[in-house]
1. Here is a list: A:Val87, A:Val54, A:Val64, A:Val39. Which entry is aliphatic (A, V, I, L, M), open to solvent by less than 30 Å² (accessible area, probe 1.4 Å), out of contact with any Ser or Thr (no Cβ under 6 Å at 6 or more places or on another chain) and assigned to a loop (DSSP other than H, G, I, E, B)?
2. Taking A:Ala153 as the residue in question, decide whether it is of a type outside the set (S, T, N, Q), assigned to a helix (DSSP H, G or I) and either out of contact with any strand residue (DSSP E or B) (no Cβ under 6 Å at 6 or more places or on another chain) or within 13 Å of chain B (Cβ to nearest Cβ) (or both).
3. Working only within the range B:56-74, note down all residues that are at the interface with chain A (Cβ under 7 Å from one of its Cβ atoms) and in contact with a helix residue (DSSP H, G or I) (Cβ under 6 Å, 6 or more places away or on another chain).
4. Please work out which residue is farthest from B:His194 (Cα to Cα), limiting yourself to the range B:101-132 and to residues that are of a type in the set (Ser, Thr, Tyr) and surrounded by fewer than 24 Cβ atoms within 10 Å (Cβ to Cβ).
5. Tally the residues that are of a type in the set (Ser, Thr, Tyr) and at the interface with chain A (Cβ under 8 Å from one of its Cβ atoms), restricting the search to the range B:264-305.
6. May I ask you to list the residues in the range A:72-92 that are closer than 16 Å to B:Ala67 by Cβ and in contact (Cβ under 8 Å) with a residue 60 or more places away in the chain?
7. Do the conditions hold for A:Asn78, that is, is it in contact with a helix residue (DSSP H, G or I) (Cβ under 6 Å, 6 or more places away or on another chain) and in a loop (DSSP other than H, G, I, E, B)?
8. If B:Thr244 passes every condition in (1) of a type in the set (Ser, Thr, Tyr); (2) under 21 Å from B:Ile313 (Cβ atoms); (3) within 12 Å of another protein chain (Cβ to nearest Cβ) but one, which one does it miss?
Protein chains: 2
Amino acid sequence: MSQFEDQQLLHRRQKVLGSSTPLFYDRPLQLLRGEGAWVFDADGRRYLDAYNNVPHVGHCHPHVVDAMCRQAREININTRYLHPLIVELGERLTATFDDPLDVVAFTCTGTEANELAIRIARTHTGNQGLIVSDWNYHGHSITLAGATTALPAPEAMARHARTFAVPDMSRGVSAQASLAQLEQAIASLKESGHGVAAMLVDTIFSSEGLPDVPAGWLNSAMEMVHKAGGLLIADEVQPGFGRTGEGMWGYRVHGLIPDIVTMGKPMGNGHPIAATVTTRALLESFGQQSLYFNTFGGNPVSAAVGLAVLDVIEQEGLIAHARVAGAYAIRRLNAIIGRHPVIKQMRGRGLFFGLEMVDPVTGEPASAEARRVVNRMRDEGVLLSRIGHDDNILKIRPPMAFGCEHADFLIERLDKVLGEAR
Amino acid sequence: MSQFEDQQLLHRRQKVLGSSTPLFYDRPLQLLRGEGAWVFDADGRRYLDAYNNVPHVGHCHPHVVDAMCRQAREININTRYLHPLIVELGERLTATFDDPLDVVAFTCTGTEANELAIRIARTHTGNQGLIVSDWNYHGHSITLAGATTALPAPEAMARHARTFAVPDMSRGVSAQASLAQLEQAIASLKESGHGVAAMLVDTIFSSEGLPDVPAGWLNSAMEMVHKAGGLLIADEVQPGFGRTGEGMWGYRVHGLIPDIVTMGKPMGNGHPIAATVTTRALLESFGQQSLYFNTFGGNPVSAAVGLAVLDVIEQEGLIAHARVAGAYAIRRLNAIIGRHPVIKQMRGRGLFFGLEMVDPVTGEPASAEARRVVNRMRDEGVLLSRIGHDDNILKIRPPMAFGCEHADFLIERLDKVLGEAR
């Protein structure tokens, strides 16, 4: 595929999808095939995928694809009829949660899962207020866009939303300062009459740049929210399904149990399936006042896919793998970091890493250099991206099929590309 | 599969999904296989599917399943990389619309498509107000639940939402009365400071019971909304993809061109894909202020499925088929209606019919009798449902694979079941 043909496709794309539909890279990349942790462009050139968490158990994993195709030839129908697969998936999934998180509602996307979680919280608490971090992304619906801070949105911050900073010593935010901001957010929501329905947080704070928050801080935050009458919603779209290497769900890292948990992206290895898990009491109290029905959510094909993803995580031991391969990658990354003063700090756990880039002279976020590195790494055959308030943290979040040999491939090239700037 | 085994599955289901997750029928039905217009239960007993519009081109259509499986083995990745299939689907889909509706944004569900449409309308108009019918269903997000009237929802009618009745002489609502209510809704939104962002309507008014609205009425309504600074959003989740037999989109029946069109359910024959189609000017004005990104929306597998559905509609001539088979069913239904005074009126076009049931003595909606008929028809091997303000209108909305022989099967049994009440 020539550069010219890519340009033609890009032109056609902009014509029919509009010019603002986002694309990665200064020079967009056409990807036509995927396998494990690798993707291939139109010329058959391979790239190590160190970015995409949606193909969670590996691109085009045959066990998942086979399960989908087998079920799609049998029946695909909504959940107002009985079918064993939605029940099996519900049982398998809730078994991975701590009591009393034992019921689930299926949706198609993380956005829908968060919308439902907020509806449940509002119905149960009778309050309307929503507390989120000051650099969050939880979805693209009207309500979530009205509380988004990490992406441009035409919506003003909704009147029922308040933000607070999560602890991050790189930004000078201590746990104490974070809790003081949370206290202020709660007070403000009480004053405005909204009250606190929920605090909604990504339990590893991905958009925020993976800050290593102090032990006990989120527990204190949850206590404050509970005391104000609100619930804790853990958005596990990023850390969920074993990515941290420390169990299936990111909330466990904090040693607490949220009131509601939402999940999406990795759940179907690319197939649109997501879910809201909560307690029986919360779901029933919502169900008594509402007829919630999601046309595609939990259909037999989606359920077969969800079950197959759980199979692979279990059969291939992917949680332990994330721990081992992640620890290996961190050791090797640490070994090269000393050579590159632009890397201030490495963050992350399991198979999710953030390399904070800061100008060693001025101390300012090295956002432009991070952008250069992302684009150059693509030339070198590695896909990664950026996160954080200043887009200066390299985001490395590969499919869970990413192993030590892939880490070597990545780190060798990263060492080279970082070295070019000196 | 014994009754007992169904009961066991139901019990497990209620345990893990909660007791409020909706099911059809007084005695739930387990469906394990589908083909064309037929579905099969756990004992292999077949049912004529005269209800489900999601398996639009027929249950498990091999062309659609094959396309999905083929692409799922190649790559399934988000749309921030270039891929030809999303562009092809965008081009094929927008080609079915009238100018200037020539750009599309892909989502996963009709709910997401309507959320995006409202975001676009609000950004463009600078207004917040939403006008919907007084018996509508457009989705399950917070914003849409706050404007829903046809389903129980814990949310009060949102402060920015107003309703009006669509013309329906069965309910004593003339076109003039409807427009007077719309005028009042517009005035009220102006007075409250919200202004009019959009009027959102299903162009065949499915939840409302398929009233045969007078020619020109929706055009007048659109003019009033435009004059107030708002846009018309046509929700084509029900009429779209040829169901009316009069072209691909329901709005054509009214001889107008909406500002934004949303679609969902039938688009992927069960696979979660949906879309918002609008004008370049509207999408670009939204895109300038927003980074809208839908993780699963428009991925290569979803796009392959969407293209395959368009292929089948075209290759099997399903729009003409809906017209012909629909006209045949209406002729045959008319022939039996005279025998059953409980049927007051038949409504519908193409392959979507509503049979209004009214007590011939009291003139009251025969809701209980409609419920009995739906449950008895299931015993007789036919799936259908109910719509309308009083749930007294039989809803017949089969997959487009429904032909004259299926109409015969349905009508013979309906004649029998209706006769039992006499």
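The values are calculated or read from the model by the stated rules, or taken from the named source; none is laboratory data. All of these numbers come straight from a predicted model, not from anything done at the bench. Counting neighbours? That spans all protein chains shown, and the Cβs are built from the backbone with ideal geometry, glycine included. The accessibility values were calculated without ligands, DNA or RNA, using every heavy atom of the protein model including side chains. Shrake-Rupley method; radii C 1.70, N 1.55, O 1.52, S 1.80 Å.
1. On the way: A:Val87 fails: assigned to a loop (DSSP other than H, G, I, E, B); A:Val64 fails: assigned to a loop (DSSP other than H, G, I, E, B); A:Val39 fails: assigned to a loop (DSSP other than H, G, I, E, B).
Selected residue: A:Val54, the only one of A:Val87, A:Val54, A:Val64, A:Val39 that is aliphatic (A, V, I, L, M), open to solvent by less than 30 Å² (accessible area, probe 1.4 Å), out of contact with any Ser or Thr (no Cβ under 6 Å at 6 or more places or on another chain) and assigned to a loop (DSSP other than H, G, I, E, B).
2. Working: of a type outside the set (S, T, N, Q): yes; assigned to a helix (DSSP H, G or I): no; either out of contact with any strand residue (DSSP E or B) (no Cβ under 6 Å at 6 or more places or on another chain) or within 13 Å of chain B (Cβ to nearest Cβ) (or both): yes.
It is false that A:Ala153 is of a type outside the set (S, T, N, Q), assigned to a helix (DSSP H, G or I) and either out of contact with any strand residue (DSSP E or B) (no Cβ under 6 Å at 6 or more places or on another chain) or within 13 Å of chain B (Cβ to nearest Cβ) (or both).
3. Residues of the range B:56-74 at the interface with chain A (Cβ under 7 Å from one of its Cβ atoms): B:59-60, B:65, B:68-69, B:72-74.
Answer for the range B:56-74, where residues must be at the interface with chain A (Cβ under 7 Å from one of its Cβ atoms) and in contact with a helix residue (DSSP H, G or I) (Cβ under 6 Å, 6 or more places away or on another chain): B:Val65, B:Met68, B:Cys69, B:Ala72, B:Arg73.
4. Of the range B:101-132, the ones of a type in the set (Ser, Thr, Tyr) are B:107, B:109, B:111, B:123, B:125.
Filter again for surrounded by fewer than 24 Cβ atoms within 10 Å (Cβ to Cβ), leaving B:123, B:125.
On the way: B:Thr123: 13, B:Thr125: 11 Å.
It comes out as B:Thr123.
5. Narrowing the range B:264-305 to residues of a type in the set (Ser, Thr, Tyr): B:276, B:278-279, B:285, B:290, B:292, B:295, B:302.
Add one more test, that the residue is at the interface with chain A (Cβ under 8 Å from one of its Cβ atoms), and what stays is B:290, B:292, B:295, B:302.
So the answer is 4.
6. Residues of the range A:72-92 that are closer than 16 Å to B:Ala67 by Cβ, as a first pass: A:72-73, A:76.
Once the filter is applied, which keeps residues that are closer than 16 Å to B:Ala67 by Cβ and in contact (Cβ under 8 Å) with a residue 60 or more places away in the chain, the range A:72-92 yields A:Ala72, A:Asn76.
7. Values: in contact with a helix residue (DSSP H, G or I) (Cβ under 6 Å, 6 or more places away or on another chain): no; in a loop (DSSP other than H, G, I, E, B): yes.
Against the criterion (in contact with a helix residue (DSSP H, G or I) (Cβ under 6 Å, 6 or more places away or on another chain) and in a loop (DSSP other than H, G, I, E, B)), A:Asn78 does not qualify.
8. Looking at each condition in turn, B:Thr244 falls short on (3).
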